[in-house]
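Single-structure report; data block below.
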Amino acid sequence: MSTDSTAALLRSMPLWPLTSTLAVQTLATMALYSVPTVAPEVARDLSVNGTLVGSFVALAYGVGILSALVSPGMVLKYGGVRATQGVLLAAAGMLALAAFGSGVTGLALAAIILGLGYGAAAPASTHLLVPQTPMPVFNLVMSLRQIGVPFGGVLAALILPPLALAIGWRGALLTEMGPILLLMVLMELPRRRWDVERDPSRRVFGRALWQPFSLLAEPRFRRLSVAAFVYAGLSLCLVAFMTVQLTTVVGLDLVRAGEVLAVYQIAGSVSRPIWGWIADRLLTPARTLAVLGIGMAIASVVTGLYGPGWPVWGVMANAVLAGGTAGGYTGVGYAEYAALGGSRRTEATGLGTAIFFTGGMAAPPVFGAAVTAFGGYHGAYMIGAVCALASGVLLALPTTARRVG
């Protein structure tokens, strides 16, 4: 493709829908990662084991499975913009409840509130972006949208630990509410233009809730979903347990551990559009995801080897590898769900979100239990590495199945 053609495609990208959905994803994800980021302070204040942070993440993703399955009907009935506003409202509610709630019970209720909205983020934004995105840059646009996930983690990792030490973890959480509420109001401005395709008669619950699962009859959906489950689970374990592992095992202080987490998230942010470009230009999306699985396996093995006195540069280098793979796969993953879904792209993205969230729900508590059972992180990360490698091999296998829709 010539330079002029490439420039023309880039100019045709949906700038404002992409910017808006990116902002929604960023702030919602920052809210999700806020509690894991300040987990040592939360654990100290509430007198609980820091590994219980995995249960917070798992609960949010568990409830998010339900909202992901409900979201296609909600998006088609009320519009993608209204659905994104619901995501932001849930994020603000989570922060308020976590800050003002009572102990572990308050955190659990906060996770539930966040999960009720978070599952709609990807289906709603995909519904807004796909009709306005040229296919030659489809994976790139979806990957740019997903930068919001690691970028939200970067903001949480850089901003919240210093704030938690200065004003307490509860005050740190409350600082997030202002930008979230402001964006929720601003999203009302383009709603009439962006939510023109609505179906008020669309059913949301009942049989409509299970329609996305019919897509699993297609072999490529099944392979993609197995990998999505494993990749999501491993990436959530890396994020949820990183600060606890680095402070209790490696011996870093909270601020330095937050910097490592930020490096992980920055690597994920930078790598996502690169992987999207590779999927559009050099490899198929499935083979791109296979390469990412191999990289996740290597990073998981290295993470399991962390011990006292590990050099910071070694931890940082592995954070780049882990962030570039385990933190960089979702853009291509969501794009592949939407592309395979065809005219059922919103349902396909809802299915993908449910699968991703199922991995996020199941893996952290199991991982925490494995850490306790093995007496350390090594065995748990070795299991994660094997699963990631097997998923990459599965995606690399040839298939002749056609797209749905």
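Give me the residue from segment 97-126 that is under 13 Å from L66 (Cα atoms) and touching a Phe, Trp or Tyr at 6+ places or on another chain (Cβ under 7 Å) and, out of that set, surrounded by the most Cβ atoms within 10 Å (Cβ to Cβ). Restricting to residues being under 13 Å from L66 (Cα atoms) and touching a Phe, Trp or Tyr at 6+ places or on another chain (Cβ under 7 Å), the top hit is G119. Selection within segment 372-389: residues that are more than 13 Å from T303 (Cα to Cα) and in contact (Cβ under 8 Å) with a residue 40 or more places away in the chain. The member of this set that is surrounded by the fewest Cβ atoms within 10 Å (Cβ to Cβ) is T372. Of the helices (runs of 4 or more DSSP H) entirely within segment 162-257, those holding at least 1 residues that are closer than 30 Å to M382 by Cα, modelled with pLDDT of 75 or more and touching a helix residue (DSSP H, G or I) at 6+ places or on another chain (Cβ under 6 Å) occupy 219-245.
Candidates T346, T303, T284: the one that is in contact with a Leu (Cβ under 9 Å, 6 or more places away or on another chain), under 22 Å from N139 (Cβ atoms) and β-branched (V, I, T) is T346.
Within segment 244-258, residues that are touching a residue at least 12 places away in the same chain (Cβ under 8 Å) have Cβ atoms under 9 Å from residues that are assigned to a loop (DSSP other than H, G, I, E, B) and aliphatic (A, V, I, L, M) in these pairs: L246/L252; L254/V38; G258/V38, counting only partners at least 6 apart in sequence or on another chain.
Within segment 298-320, the only residue that satisfies the criterion of being surrounded by 20 or more Cβ atoms within 10 Å (Cβ to Cβ) and touching a Gly at 6+ places or on another chain (Cβ under 7 Å) is S300.
For segment 158-179, the count of residues that are over 30 Å from R344 (Cα atoms), more than 19 Å from the chain's Cα centre (by Cα) and of a type in the set (S, T, Y) is nonzero. Checking segment 121-137 against the condition returns a match, with at least one residue being in a helix (DSSP H, G or I), closer than 30 Å to P273 by Cα, without any contact (Cβ under 8 Å) to a residue 40 or more places away in the chain and of a type in the set (A, V, I, L, M).
Scoring G328 on the criteria (1) within 18 Å of the chain's Cα centre (by Cα); (2) buried (at least 18 other Cβ atoms within 10 Å of the Cβ); (3) part of a helix (DSSP H, G or I) leaves a single failure, condition (3). Taken over segment 244-275, residues that are within 25 Å of A23 (Cα to Cα) and β-branched (V, I, T) amount to 5. Being in contact with a Lys or Arg (Cβ under 8 Å, 6 or more places away or on another chain) and at pLDDT 70 or above is true of T21. Residues of segment 216-269 that are crowded, with 23+ Cβ neighbours inside 10 Å, over 26 Å from V315 (Cα atoms) and over 18 Å from the mean Cα position of the chain (by Cα): F221 alone. Taken together, G342, G295 contain a single residue that is at positive phi, surrounded by fewer than 23 Cβ atoms within 10 Å (Cβ to Cβ) and part of a helix (DSSP H, G or I), which is G342. Restricting attention to segment 243-256, the residues that are under 17 Å from I159 (Cβ atoms) and out of contact with any Pro (no Cβ under 8 Å at 6 or more places or on another chain) add up to 2.
The values are calculated or read from the model by the stated rules, or taken from the named source; none is laboratory data. All figures in this text were calculated on a predicted structure; none of them were measured in a lab. Because the Cβ atoms are built from the backbone with ideal geometry, glycine has one as well, and the counts that use them run over all protein chains shown.
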